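To start, the structure under review is shown below, and the notes come after it.
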Amino acid sequence: MGKLIVLEGTDGSGKSTQFRLLTARLKQEQRDFRELVFPQYSEPSSALIRMYLDGEFGTHPSDVNAYAASVFFAVDRYASFKKVWGDYYRQGGLIVSDRYTTSNAVHQTSKEPEASRPAFLEWLYDLEYNRMGLPRPDLVLYLDVPTDFTQALMRRREEETHTQADIHEQDAAYLATCREIGRAAAKFYGWTVIDCVKNGRMRTIEDIHEEIYRHVAACLED
């Protein structure tokens, strides 16, 4: 089997920027790898995800329970694995992904009462890795950003790209809970946490990238 490296974090944490920097560096090193971005919004397998995020099932994330919403995203990943990268991975290929099953852990666990969250986290990984047969990541890098920084970054992104936030991104309380859950999930699953804020200030993009790359290089050497 190959290796699977995942970048994760709450909305507005800089995943896309760090993903671009990481994949660009791997290309400069002439490494053979495939890059993935989830959800696959341009594919038919994401239809239910798009309906959910656009508010067609309700305008608040909690209008769709954690189990149902997780299945929407899981099916999209399954379709990608079967159609796009499964054979390459099984032949020993390297996969680098912006989001994965990890995103369900961050976003959907918050919908569950605190007492039932561990059971949900167990169910989630059993669903995708055991029942659906998707690969487990070799390395998950979780970008942790306090919610007030996240909101400022997202508002700036909206202004620069003239885009509208989805129902997750519009809900400040939901984002704060997801941040809390993300750190808990990282501990539960053994993810590597990248603290993007130090001493009350955002670290530079380059500084965060260097930390990410050190972990990736170590993983690839194993």
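The values are calculated or read from the model by the stated rules, or taken from the named source; none is laboratory data. Because the structure is predicted, anything quoted here is derived from the model rather than measured. Heads up, the Cβs are rebuilt from the backbone with ideal geometry, glycines too, and the neighbour counts pull from every protein chain shown. Note: areas computed on protein heavy atoms with side chains; ligands, DNA, RNA excluded. Shrake-Rupley method; radii C 1.70, N 1.55, O 1.52, S 1.80 Å.
Between a first residue in the stretch 1-30 that is farther than 15 Å from ASP195 by Cα and a second residue that is of a type in the set (D, E, K, R) and open to solvent by 50 Å² or more (accessible area, probe 1.4 Å), which pairs have beta carbons less than 8 Å apart while being 6 or more apart in sequence or on different chains? Every condition considered, the pairs that remain are MET1/ARG90; GLY2/ARG90; LYS3/ASP138; LEU4/ARG136; LEU4/ASP138; ILE5/ASP138; PHE19/GLU35; THR23/GLU35. Contact annotation: residue pairs with Cβ atoms under 6 Å, 6 or more positions apart or on different chains, pairing a residue in the stretch 61-89 that is under 16 Å from MET132 (Cα atoms) with a partner that is open to solvent by 60 Å² or more (accessible area, probe 1.4 Å), are PHE72/LEU48; TRP85/ARG34. Here the stretch 121-144 is the region considered, the condition is being outside any helix (DSSP H, G or I) and not aliphatic (A, V, I, L, M), and the residue that is nearest to MET1 (Cα to Cα) is PRO135.
Is at least one residue of the stretch 198-210 modelled with pLDDT of 95 or more, under 17 Å from the mean Cα position of the chain (by Cα) and at positive phi? So far as the stretch 198-210 goes, no, none of its residues is modelled with pLDDT of 95 or more, under 17 Å from the mean Cα position of the chain (by Cα) and at positive phi.
If we keep just the residues of the stretch 30-82 that are more than 18 Å from HIS107 (Cα to Cα) and among the hydrophobic types (A, V, I, L, M, F, W, C), which is surrounded by the fewest Cβ atoms within 10 Å (Cβ to Cβ)? Among those residues, the one meeting the criterion is ALA47. Counting just the residues of the stretch 3-44 that are touching a strand residue (DSSP E or B) at 6+ places or on another chain (Cβ under 7 Å) and among the polar types (S, T, N, Q), which one comes out nearest to PHE73 (Cα to Cα)? Looking at residues that are touching a strand residue (DSSP E or B) at 6+ places or on another chain (Cβ under 7 Å) and among the polar types (S, T, N, Q), I get SER16. Residue count for the stretch 180-202 satisfying the condition of being touching a strand residue (DSSP E or B) at 6+ places or on another chain (Cβ under 9 Å) and open to solvent by 70 Å² or more (accessible area, probe 1.4 Å): 2.
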